[in-house]
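The values are calculated or read from the model by the stated rules, or taken from the named source; none is laboratory data. From a predicted model like this one, the values you see are computed outputs, not experimental measurements. Reconstructed Cβ throughout: ideal geometry from the backbone, glycine too, with neighbour counts over all protein chains shown. Side chains are part of the model used for accessible areas, which takes the heavy atoms of the whole protein and leaves out ligands, DNA and RNA. Shrake-Rupley method; radii C 1.70, N 1.55, O 1.52, S 1.80 Å.
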Amino acid sequence: MTWTASRTYSLAARKVPVVDGQIIGIARHGSHNATVKLDTGPVAVDILFAHPRTKPSATLHETLGFATVNTSTGIALKVDERRQTSIPGIYAAGDLANPGMPSVTTAISQGATAGISAQQSMLV
Ligand SMILES: Cc1cc2nc3c(=O)[nH]c(=O)nc-3n(C[C@H](O)[C@H](O)[C@H](O)COP(=O)(O)OP(=O)(O)OC[C@H]3O[C@@H](n4cnc5c(N)ncnc54)[C@H](O)[C@@H]3O)c2cc1C
């Protein structure tokens, strides 16, 4: 059984319907109800959880020519385990380099790694 089939089976077992189709629009009704417009027809929902893909809000990374990675949750700067970008000597942390796990704690942790790595690169 494939992962998708397995997931569909698990949802069906919990009486959660799975509707196929490409989302072409969302109409909001009040604070909690919405109609998701699919190319196969509309689906009314009580609550809508959406996870849009993220992308950098500025274009500095493009201007400077940083390598990026296209992840399932958005575009991020490519960094190594020391948080060094594709341009030696430049380090990145936070949402810009981590769209998959965006949180203050993660950004702080990565910032510490980036800072320590930058300092070590100047000492070695
Ligand atoms: C609605 C919402 C709720 C969230 N709730 C939580 C939560 O409860 N707990 C949690 O841990 N995380 C939460 N997060 C995620 C968290 O806010 C981020 O992961 C975190 O702020 C990332 O920190 P950052 O420094 O990478 O980016 P940011 O906090 O986005 O900081 C980037 C900064 O760069 C500035 N900037 C952008 N472009 C330029 C430019 N060209 N020049 C100068 N400055 C620029 C921006 O103005 C901004 O101040 C939430 C996010 C959202 C959107």
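Details
- Eligible lysines near residue 55 by straight Cα distance, threshold 18 Å, same-chain separation 8 or greater: 78
- Estimated dipole of the chain in Debye, rounded to 20 [Cβ of Lys and Arg +1, of Asp and Glu -1, Cα centre]: 220 debye
- For a straight C-alpha distance cut-off of 15 angstrom, the aspartates and glutamates reachable from residue 37 (same-chain residues fewer than eight places away being disregarded) are 20, 46.
- Between 54, 68, 35, the Gaussian network model of the chain with springs among Cα atoms under 10 angstrom shows the greatest mean-square fluctuation at 35.
- Spin-label pair residue 57/residue 44, simplified geometry with 7 Å Cα→Cβ offset, distance in nm: 3.7 nm
- Surface composition of region 19-124: carbon plus sulfur atoms hold 59% of the accessible area, using a 1.4 angstrom probe and ignoring ligands, DNA and RNA.
- Per residue, the chain exposes 74 Å² of accessible surface when a 1.4 Å probe is rolled over the protein heavy atoms with every protein chain present.
- P(r) for the chain, from all Cα pairs and a bin width of 5 Å, is 2, 9, 13, 14, 13, 11, 10, 10, 9, 5, 2, 1, 0 %, short bins first.
- Listed residues 121, 89, 26: farthest to the positive end of the dipole of the chain (Cβ charges): 26
- Rounded to the nearest 10 Å², the accessible area of residue 95 at probe 1.4 Å: 90 Å²
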